[in-house]
Amino acid sequence: MGISLGKGQGLSLSKTNPGLSEVFFGLGWDVPSNSDTNYDLDAFALLLDANEKLISDDHVIFYNNLTSPDPSQSVQHMGDNSTGEGEGDDEVIKVNLKRVPAEVTKIIFTVMICDGEERNQNFGQVENVFVRLVNAQTQEEVLRCNLADNYSVETAVILAELYRQDGGWTVKSASKAYNGGAQELIDSYTAPPQEAANNVRKPVVNWRYRLQHQNNN
């Protein structure tokens, strides 16, 4: 078991785990045992620039966009889990720390309830939500962040942030919630139209609808 971070706490990976190059963020959750309702939670990673804005829609890593657009595909989503059943990680996002492009200064890791608003579902109804960082080479858990707050209306939560600091990477537990689902969260990190390329920004393509991908997990 790795270090458990409380809300707002951070850990410098370059100080505690020097030489760490490849990690994965495992996200997990459980649906209430007494519920007959299906809950579909999804892991997203948003790649941000120095202004903490989304670099492009291609930098939203999720079930319909499994890899980052850089040639090394330094951030990879390993496939969708629509039930949350079973032990351990429900969805996994891999990060090669050495190959993340310099323009990416922060990566935020989120869990969102698919169609939560339409189904009247929220994080107050989901149990044991967590994100953990694991050394991909040794499979050793480095740290874990648990969702401690009871969000009774929110449908999207940022669980952790990975950002550059002092020439290395630091992870911070976040626990910031939104009640407008994926779109509200993504919009909050989008540059205003006057700052975006060509003054036009299209919404993230197909974030609501699942495309068929091979699950590599």
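The values are calculated or read from the model by the stated rules, or taken from the named source; none is laboratory data. Source: prediction; values computed, not measured. Because the Cβ atoms are built from the backbone with ideal geometry, glycine has one as well, and the counts that use them run over all protein chains shown. The accessibility values were calculated without ligands, DNA or RNA, using every heavy atom of the protein model including side chains. Shrake-Rupley method; radii C 1.70, N 1.55, O 1.52, S 1.80 Å.
Points worth noting:
- In a residue-by-residue description of the range 152-162, the property of being touching a helix residue (DSSP H, G or I) at 6+ places or on another chain (Cβ under 6 Å), among the β-branched types (Val, Ile, Thr) and modelled with pLDDT under 80 applies to no position.
- Checking Ile55 against (1) in contact with a Leu (Cβ under 7 Å, 6 or more places away or on another chain); (2) within 21 Å of Asn135 (Cα to Cα); (3) hydrophobic (A, V, I, L, M, F, W, C), the condition it does not meet: (2)
- Of the residues making up the range 53-69, those that are part of a loop (DSSP other than H, G, I, E, B), within 14 Å of Pro101 (Cα to Cα) and open to solvent by less than 20 Å² (accessible area, probe 1.4 Å) number 1.
- The listed residues are Val134, Val126, and the only one of them that is β-branched (Val, Ile, Thr) and either at pLDDT 90 or above or open to solvent by 50 Å² or more (accessible area, probe 1.4 Å) (or both) turns out to be Val134.
- Restricting the range 93-123 to residues that are of a type in the set (A, V, I, L, M) and at pLDDT 95 or above leaves a set whose member that is farthest from Ala50 (Cα to Cα) is Ile93.
- Residue list for the range 148-167, restricted to those being of a type in the set (Ser, Thr, Tyr) and in a loop (DSSP other than H, G, I, E, B): Tyr151, Ser152, Thr155
- The set of residues in the range 1-45 being surrounded by 14 or more Cβ atoms within 10 Å (Cβ to Cβ) and among the acidic types (Asp, Glu) consists of Glu22, Asp30, Asp40, Asp42.
- Flag if Ala50 is within 23 Å of Gln9 (Cα to Cα), open to solvent by 10 Å² or more (accessible area, probe 1.4 Å), of a type in the set (A, V, I, L, M) and touching a residue at least 60 places away in the same chain (Cβ under 8 Å): no
- Elements of the type strands (runs of 3 or more DSSP E) sitting completely within the range 90-147 and holding at least 3 residues that are touching a residue at least 12 places away in the same chain (Cβ under 8 Å) and over 20 Å from Tyr63 (Cα atoms): these cover 127-135, 141-146.
- Answer residue from the range 169-196, given it is modelled with pLDDT under 85 and in contact with a helix residue (DSSP H, G or I) (Cβ under 7 Å, 6 or more places away or on another chain) and is nearest to Asn17 (Cα to Cα) among those: Gly181
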